[in-house]
Each structure stands twice: as C-alpha cells, then as structure tokens.
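Participant: Handing you this structure, nothing more for now.
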Amino acid sequence: MVGFILGTSEGKEFLSLANKYTDKIIVSTATSYGGELLKEYKIHHLNTEPLDKEGLKKLINKFNIKALVDASHPYAKEVSKNAREACKEANTHYVRYERPGVLQVIEDRRIMRVTSYEELENILNKIDGNILNTTGSRNVKKIMNLNIKNRIIHRVLPSKEVMDELITMGIKPEDIVAIKGPIGYSLNKAFIEEYNAKAVITKDSGIQGGALEKLNAALDSDIDLIIIEREENKNNNIFTKEEDVISYLKENNFI
C-alpha cells in the first residue's frame, strides 16, 4: 500500500496519476469536506479525521503502508513533523511534496514579511484600519491572542466545523467571510473594498493557492500585504511536481 496525506488542492491530481498504476491507496485528509472531494477516485481506505503521530503510525501499520506521501499544506508544520516521525518509527519511506512558493522574490514598498507571530503583532499594531486575514481558520486563534486593536475579518473555508470553531472563539459573524478558495483577483479586490481593509495577511501558498491574485489585489488597492514566510524545509525526498512524486514511487516499486 501507498499512503497520501492530502491537504491541498493537488489531491485530485495525485490520485488521478496514481490510479493509472494502482488502487492500493490509503488517503488521509484533515476534514470530511476534503474527503468528499476525492470520493470519485479508486481508494482502498479514506480517513477524514486529523491524525497525530500515533494515529498515523496505527494507519501505517494497519494497512502495511510502505511509502507515505506527505502532501499537506506547506504551512502545516505539525502535520509534516508527525508524518516524518511516524514513518521513522514505523520504518516506512517518507516522501514530501511541497507546493512551490511564488512571493519570495517579489519586492514592493507595500510588502512586509514576517517569520513569527511576534513580528506580526508589531506590524499590525502600526496599521490604522481594518485587516483582512486570509491565512486560514487554524491561525485565527494565534492572531486573536495578539490582542490587536484593529477589526480583523477572517476569510475561511465554508464548513460547519470551521464556523462553529470561530463562533466559539468569540468571532462575530460579520467578521467572517466563508468561501472556498482559491479566490481570483476581482473577488480579492472586492473584499478589500467591501471591508475597507488597510492590510491583507497571507501565506505564500503558491500559484495553486491564489497567492498572486492576493498580491496583485493588495498592491493595486495600495494597501499593505503582510506575508507569513515559510520555514526552510531541509528534508530529503522533496518534490514540487505531482508527476515527479508518482514517477519516484513507480521507479522504487511502491506502486
């Protein structure tokens, strides 16, 4: 068996390519919504709940997974850490797919980069006006804990689970935009105008994640774009193309 941790928009591409060679595939996603998007493919087993290291080890051992492809979001550091450690302890081959970034080489007076939430707090406290947060629901609590005085509008996935979580945190409904990404340039710009945002917080989620559309909408609106940068990945077996992952698995007789 070969396993995939899929938390990005590339999931369909991975399974489409892998199904040319095998249906002995175990897939793990963090949400039932993510799993629903993949049900048309030939999968032996689909897990739709978040797994910690021990959960991943149980999955690996139960289905005798020989290679695990970690294609989780490039900012899902804890997921990747758990996957690496689970593979090491279960003596399973770990392969990392990482969506390439696109914002790291772009410079503009309106672009600010941070590597931590402490840096983010310093920047946000200097901004006069509303802020549009597009980093996802898993980072809302981190931003709330900064106690920023500004109104912050959070753009998140439109799932009941996410909405319940944000409401429980105390986020007002009028400060939530629930919409499935990636979002195009025009809609990004419309959100900026609708909420009179003076800054956008984003991750470098690559072309597939709509990073360029957010960049262009912010710069054309003459507002700040705050980029939370990725940590450098020093792992072996890192690929940035889906077809290269599948080729690697085939060449090494994992599929």
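The values are calculated or read from the model by the stated rules, or taken from the named source; none is laboratory data. Being a predicted model, the structure only gives us computed values, none of them experimental. Backbone-built Cβ (ideal geometry, glycine too); neighbour counts: all protein chains shown. Ligands, DNA and RNA are stripped out before the accessible areas are found, and what is left, the full protein with its side chains, is counted by its heavy atoms. Shrake-Rupley method; radii C 1.70, N 1.55, O 1.52, S 1.80 Å.
Participant: If I stretch the segment between Y117 and T31 completely, what's the gain in nm (0.36 nm per residue apart, minus their alpha carbon distance), one decimal?
Facilitator: On the way: separation 86, 0.36 × 86 = 30.96 nm, distance 2.55 nm.
Taking 0.36 nm per residue and subtracting the Cα distance, the gain is 28.4 nm.
Participant: For the range 43-51, in order, what is each residue's ³J(HN,Hα) by Karplus, 6.51 cos²θ - 1.76 cosθ + 1.60 with θ = phi - 60°, in whole Hz (x at glycine and Pro)?
Facilitator: After applying 6.51 cos²θ - 1.76 cosθ + 1.60, I find 10, 6, 8, 10, 9, 10, 10, x, 10 Hz.
Participant: Please give the helix 242-251 orientation as an angle from the longest Cα principal axis of the chain, in degrees from 0 to 90, rounded to the nearest 10.
Facilitator: Tilt relative to the chain: about 20 degrees.
Participant: Please calculate the 1.4 Å probe accessible area of E165, with all protein chains present, and give it to the nearest 10 Å².
Facilitator: Rounded to the nearest 10, that gives 80 Å².
Participant: Relative to the present Cα-Cα distance, how much length would full extension add between L187 and N147 at 0.36 nm per residue of separation? Intermediate values should be presented prior to the final figure.
Facilitator: Working: separation 40, 0.36 × 40 = 14.40 nm, distance 2.82 nm.
Roughly 11.6 nm would be gained on extension.
Participant: Beyond 26 Å between alpha-carbons counts as too far, so tell me which of K57/K250; K77/K241; K42/K250; K12/K77; K57/K141 fall in that bin.
Facilitator: Long pairs (Cα-Cα over 26 Å): K57/K141.
Participant: Rounding to the nearest 10 and keeping the result within 0 to 90°, find how far the Cα-based axis of helix 185-194 lies from the longest principal axis of the chain.
Facilitator: It works out to around 40 degrees.
Participant: For N91 and H45, FRET efficiency with R0 = 22 Å and r from the beta-carbon atoms, rounded to 0.05? Show your work: numbers first, answer last.
Facilitator: Values: r = 20 Å, r/R0 = 0.92.
Once the sixth-power term is evaluated, E becomes 0.65.
Participant: So, one more: Would you mind checking the tilt of helix 53-62 against the longest principal axis of the Cα atoms of the chain, expressed as 0 to 90 degrees and rounded to 10?
Facilitator: With rounding to tens, the tilt is 30 degrees.
Participant: Can you list the residues of the range 68-108 with backbone N under 16 Å from a point 7 Å past the Cα of E165, pointing along Cα to Cβ?
Facilitator: Only 72-80 pass the distance filter.
Participant: Based on a Kirkwood Rh over C-alpha pairs, give the Stokes-Einstein translational diffusion coefficient of the range 28-112 at 20 °C and viscosity 1.002 mPa s in µm²/s. Don't skip to the end; give the middle numbers.
Facilitator: Values: Rh = 14.5 Å.
Answer, rounded: 147 µm²/s.
Participant: So if I take the centroid of the Cα atoms in the range 1-31 and the same for the range 193-224, what is the distance between those two points in Å?
Facilitator: Their Cα centres are 30 Å away from one another.
Participant: Another one. Work out, in µm²/s and without decimals, the Stokes-Einstein translational diffusion coefficient of the range 73-177 at 4 °C, 1.567 mPa s, Rh from Kirkwood over C-alpha pairs.
Facilitator: Values: Rh = 16.4 Å.
Translational D for this selection: 79 µm²/s.
Participant: Between K62 and D175, what FRET efficiency comes out of the Förster formula 1/(1 + (r/R0)^6) with R0 = 41 Å and r the beta carbon distance, rounded to 0.05?
Facilitator: Numbers: r = 42 Å, r/R0 = 1.02.
Between D175 and K62 the formula returns 0.45.
Participant: Once ligands and nucleic acids are excluded and a 1.4 Å probe is used, how much of R113 is accessible, expressed in Å² to the nearest 10?
Facilitator: Approximately 60 Å² for this residue.
Participant: Measuring from the lowest to the highest alpha carbon on each principal axis, how far does the chain reach, largest first, in angstroms?
Facilitator: For the chain, the Cα extents along the three principal axes come out at 56, 38, 32 Å.
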